[in-house]
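Heads up: the structure comes next, in structure tokens.
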Amino acid sequence: MVAKEARLSVVPGEAPEDFSLEMETGTGKTYVYIRTIAELNKKYGFRKFVIVVPSIAIREGVLTSLDLLKEHLRDLYDGLQFDYSVYDSRSLTRVRQFATASHLQILVMNIDAFTKDTNIINRPTDAMNGYAPIEFLRACRPIVIMDEPQNMESDLRKQAIASLNPLFKLRYSATHRDVKHLVYRLTPVDAYRLRLVKRVGVRGITQQHDLNLPYVEIKKITASSVDVTATAVINKLTAQ
């Protein structure tokens, strides 16, 4: 896949915490960031990733992709061992597993599950030895993948993302509102040129020739010194 070059502008002495990746809708954004997780694990050893989504529908789509790509990733990355799960306030043991496992962990979370102090993830509980579940996530310094970050730009949602104490954030969208340190861009024109999206052909629906209607077409007229003849196409009513 080819993308337009994007320059990374960083203030001297300041490490960027957000990176934006712009991808046209329908070009495999979910696949790309799942592969990115595998690459970051392979090349740099990062093991803790949280995918934050703005809706239940997107969450279910991500989980389906992870399930379908499980064997594909293991084939590509020499039997890569990894676990993935969805955050569920009724099963906090998954948070503990995410934090303590020694191999690659992927946790999918809906943003609304941790935006309020009253959310279970933000409350100390005996099931987590008196700690709030989110404290286990913070301690990991996870890399946060933001799917459709333009839907997470309210102050409340920004604070929720920050509460995860991310090592850095990767923001994937086709319609960014706030582009931060753009590192990759796949425009609609790029997607069309690279045949990553469907091309639409338009055909007319104008009626050309209805054999049930009277029709006469003069194909050729020939004149001579004695007469004039014509070649014509005529619809003829037959017994059938």
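The values are calculated or read from the model by the stated rules, or taken from the named source; none is laboratory data. Keep in mind it's a predicted model, so treat the numbers as computed, not measured. Ideal geometry is used to build each Cβ from the backbone, glycine not excepted, and the neighbour counts take in all protein chains shown. Quick note on the areas: whole protein, heavy atoms, side chains included, nothing else; ligands and nucleic acids left out. Shrake-Rupley method; radii C 1.70, N 1.55, O 1.52, S 1.80 Å.
THR64 - would you say it is in a helix (DSSP H, G or I), touching a residue at least 60 places away in the same chain (Cβ under 8 Å) and not aliphatic (A, V, I, L, M)?
Numbers: in a helix (DSSP H, G or I): yes; touching a residue at least 60 places away in the same chain (Cβ under 8 Å): no; not aliphatic (A, V, I, L, M): yes.
When the stated conditions are applied, THR64 does not pass them.
Considering only the stretch 65-85, state which residues are under 19 Å from LEU107 (Cβ atoms), within 20 Å of the chain's Cα centre (by Cα), of a type outside the set (D, E, K, R) and surrounded by fewer than 14 Cβ atoms within 10 Å (Cβ to Cβ).
Answer for the stretch 65-85, where residues must be under 19 Å from LEU107 (Cβ atoms), within 20 Å of the chain's Cα centre (by Cα), of a type outside the set (D, E, K, R) and surrounded by fewer than 14 Cβ atoms within 10 Å (Cβ to Cβ): just LEU68.
Being surrounded by 18 or more Cβ atoms within 10 Å (Cβ to Cβ) and among the β-branched types (Val, Ile, Thr) is the filter; apply it to the stretch 121-160 and report the residue that is farthest from LEU73 (Cα to Cα).
Within the stretch 121-160, the match that is farthest from LEU73 (Cα to Cα) is ILE121.
So ARG94 ticks every box in (1) surrounded by 14 or more Cβ atoms within 10 Å (Cβ to Cβ); (2) at pLDDT below 95; (3) farther than 26 Å from LYS42 by Cα but one. Which box is left unticked?
Failed condition: (3).
For TYR31, are the conditions met, namely being within 28 Å of LEU194 (Cα to Cα), of a type in the set (Phe, Trp, Tyr) and open to solvent by 60 Å² or more (accessible area, probe 1.4 Å)? Spell out the reasoning first.
Details: within 28 Å of LEU194 (Cα to Cα): yes; of a type in the set (Phe, Trp, Tyr): yes; open to solvent by 60 Å² or more (accessible area, probe 1.4 Å): yes.
In short, yes.
If you go through the stretch 181-195 one residue at a time, how many are of a type outside the set (A, V, I, L, M), crowded, with 17+ Cβ neighbours inside 10 Å and in a helix (DSSP H, G or I)?
Qualifying residue count for the region: 1.
In the stretch 22-55, which residues are of a type in the set (Phe, Trp, Tyr) and touching a strand residue (DSSP E or B) at 6+ places or on another chain (Cβ under 8 Å)?
Residues of the stretch 22-55 that are of a type in the set (Phe, Trp, Tyr), as a first pass: 31, 33, 44, 46, 49.
Result: TYR33, PHE46, PHE49.
Restricting attention to the stretch 3-49, which residues are aliphatic (A, V, I, L, M), at pLDDT 95 or above and touching a helix residue (DSSP H, G or I) at 6+ places or on another chain (Cβ under 7 Å)?
ILE34, ALA38
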